[in-house]
Structure formats: C-alpha cells, structure tokens
Amino acid sequence: MSAIDFSDPATVAFLTDALTAARVAGVEISRPDGQLRIVISREGGARISGQKRTPRASGSAPEVVKAPMAGHFCAEHPAAVTPQTLPRFVSDASVLGFIRVGHVLLPLRGGRSGVLTRLLVEPDDLVGFGDPLFEIELPS
C-alpha cells in the first residue's frame, strides 16, 4: 500500500468534505516529519493547520517561513482593501499570508518578530508542504 500524501490539496479537500459529511469534529494526523490537523466547525467550515518539524538554525541568516501544507498561496486576504508592502515589521502573531485549499484559508504566521523582507513565491502559486514562502530578518 502506498503512503497517502497529506500535503496534496486534493487530499486535504477530500478529507475536509468527508469529515463534514460524516459530521466528525476533526482529525489529527502526526508523522515524524510533521502534523496535519483539520477541525470542522458547526457552521460547516473547516480550520486546517499543519506543522513541519525542523530544527531552528541560529545565526544572522534570515528566518525562512515555510508552507505548513500544500495549497494556493495568497499574499493577503481576498477581501483586503490595501495591498501589503515590503519590507514591513511583523510580530510573532502577525498573519503574513494564507494558504487556500478550496474555499478554506489557512492563515500563515511567522512565529517570529522581525522585518518581513522578501516574498519567495508569487500570489496564487501552488505550493507544497515545506516550500519556502517568506524571509524575516530577526532583530540582532
């Protein structure tokens, strides 16, 4: 039996639809290299989150924010009126962009405070699990 690719947007969308149809509250899938969590809300929407487990490197190199799952990259919320500009200061809780899978948007947070200096992908690009998305220069 071949392994299921949980970073594939079609697989995540299928799982989300199946969980919604079955009225299941959610599922969490953990592997040594990462984790996928899908939580279905009572209104029928879903919250999807993922984590890739990688060691943090120290030094002066910029922190690279990677995609927690596969999907289409959105640099800003589709309803945003003002486009975001670079460089800009971000906190560890700032939403840097989104991963879109079907109608679901997963907010992307850098987890670090610093200056968001570089966008590594284009809006609406299809990205895979672990693909580099942003660079953040950390304060020294």
Within the range 13-37, residues at pLDDT below 80 and within 19 Å of Ala67 (Cβ to Cβ) come out as Glu28, Ile29, Ser30, Arg31, Pro32, Asp33, Gly34, Gln35, Leu36, Arg37
Note on the range 76-102: residues touching a strand residue (DSSP E or B) at 6+ places or on another chain (Cβ under 8 Å), in a loop (DSSP other than H, G, I, E, B) and over 20 Å from Pro9 (Cβ atoms) are Leu86, Pro87, Asp92, Ala93, Ser94
In the set Val95, Val64, Val101, the lone residue that is in contact with an Asp or Glu (Cβ under 7 Å, 6 or more places away or on another chain) and at pLDDT 80 or above is Val64
When (1) surrounded by 16 or more Cβ atoms within 10 Å (Cβ to Cβ); (2) without any contact (Cβ under 8 Å) to a residue 40 or more places away in the chain are applied to His77, the one that fails is (1)
How many residues of the range 103-121 are in a strand (DSSP E or B) and over 9 Å from Val65 (Cβ atoms)? The answer is 9
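The values are calculated or read from the model by the stated rules, or taken from the named source; none is laboratory data. Remember, predicted model here, so these are calculated numbers, not experimental data. Positions of Cβ are backbone-derived with ideal geometry, glycine not excepted, and every protein chain shown enters the neighbour counts.
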